[in-house]
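The values are calculated or read from the model by the stated rules, or taken from the named source; none is laboratory data. Please read these numbers as outputs of a predicted model, since none were measured by experiment. So basically every Cβ, Gly included, is an ideal-geometry build from the backbone, and we count neighbours across all protein chains shown. The accessibility values were calculated without ligands, DNA or RNA, using every heavy atom of the protein model including side chains. Shrake-Rupley method; radii C 1.70, N 1.55, O 1.52, S 1.80 Å.
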Amino acid sequence: AADRGVALRKLRIIQNNYYTMKGSMRKRTMVGGALPVELEVEVDCDLDDAALNQLIMNGVHASPLNGLMRGVLPSYFTLTKNGVELDPAKAAKFEGAVVGDPVGQAPEARSTELTLIERLGMSPQKAVRKGTAKAASSLTDEQDRTLNPAAICTLREDGIKEIEQRLYSPRGSVFRFLSEEAEVAGGMGRAPDAVSYISAGIAFCFMTQFGRMASMEQLDLPSYSIVQDTHFSLGGASGGTGKAGEADPVETHVHLVTDEADAVAQDMLDVSEQTCFLHAFCRTELKTKLKITRV
């Protein structure tokens, strides 16, 4: 909008994501899936409907996340068990040097005047699709469920984006995030930028699957960690490229501490990749279902 001299007033974005989990953990048929994103843009703008729709669609395509969403991208992995590198069994191997275990190497946190992440209570009740998840269903062997996380993003007067993240199904907590682009992308860098949150989300989802599998299978896994690299193009608008956003395959280095056999460690990686919702997002060709509401 800034590039085109267009004023977007009262801008708010409401996004609903849907992920599926189907199959049996015991039979190794359980697979995580991703469905099209539903995006509603609320805005007050002087453009006519056709021009506004084109502007918003261009914004969607300009996002670096577009590269993960519109392409079919494999994910690449290394696997290290107790300090010894193993070849993945089914997961695609990253053909490069292994990045070492990050445990104990995290930089010291720096203080900030802003509260970047804050818990606000439980998500409101929402009518959800048939078969959506119940609170305890993630640990059952046979599953056929749909999850519905959502986000409401508002651009504040100080230029920071305020994001209210909700989990409608299974019903969970509401969290408030703050985000702002770095100075090179037109922001002031007072909060994490968008692609940093995207990268963290992929890592958290993937890590969750390891803990979930270990719990369900009663496996020995006292410690597990990853180093994950994501590569995005500059935003087509914020980076001034004028092109659609692009992304490369996610590269992940998995480090496990376990007394289980090598084959079990390899199986943990395969199952975790197969059941990770956001790795499914990367390997699935998806489109955005867009709705524009004038306010």
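Here are a few things to note about the model shown:
- Residues satisfying the stated conditions in the stretch 183-210, i.e. assigned to a loop (DSSP other than H, G, I, E, B) and in contact with a strand residue (DSSP E or B) (Cβ under 7 Å, 6 or more places away or on another chain): Ala191, Pro192, Asp193
- Residues within the stretch 10-36 that are of a type in the set (A, V, I, L, M, F, W, C), open to solvent by 20 Å² or more (accessible area, probe 1.4 Å) and in a loop (DSSP other than H, G, I, E, B), tallied: 1
- Some residue of the stretch 242-263 being crowded, with 21+ Cβ neighbours inside 10 Å and in a loop (DSSP other than H, G, I, E, B): yes
- Within the stretch 156-189, tally of residues that are among the hydrophobic types (A, V, I, L, M, F, W, C), open to solvent by 70 Å² or more (accessible area, probe 1.4 Å) and without any contact (Cβ under 8 Å) to a residue 24 or more places away in the chain: 1
- In the stretch 52-71, the qualifying residues are those that are open to solvent by 40 Å² or more (accessible area, probe 1.4 Å) and aliphatic (A, V, I, L, M), and the one that is nearest to Arg4 (Cα to Cα) is Met57.
- Leading residue by the ranking (nearest to Gln228 (Cα to Cα)) among those in the stretch 153-196 that are within 15 Å of the chain's Cα centre (by Cα) and aliphatic (A, V, I, L, M): Val195
- The stretch 66-95, residues that are at pLDDT 90 or above, assigned to a loop (DSSP other than H, G, I, E, B) and at negative phi: Val72, Leu73, Pro74, Ser75, Asp87, Pro88, Ala89, Lys90, Ala91, Phe94, Glu95
- Residues satisfying the stated conditions in the stretch 195-228, i.e. open to solvent by 60 Å² or more (accessible area, probe 1.4 Å) and of a type in the set (Asp, Glu): Glu217
- When Met268 is tested against (1) open to solvent by 10 Å² or more (accessible area, probe 1.4 Å); (2) free of Cβ contacts under 8 Å to residues at least 60 places away in the same chain; (3) closer than 19 Å to Asp101 by Cα, exactly one condition is not met: (1).
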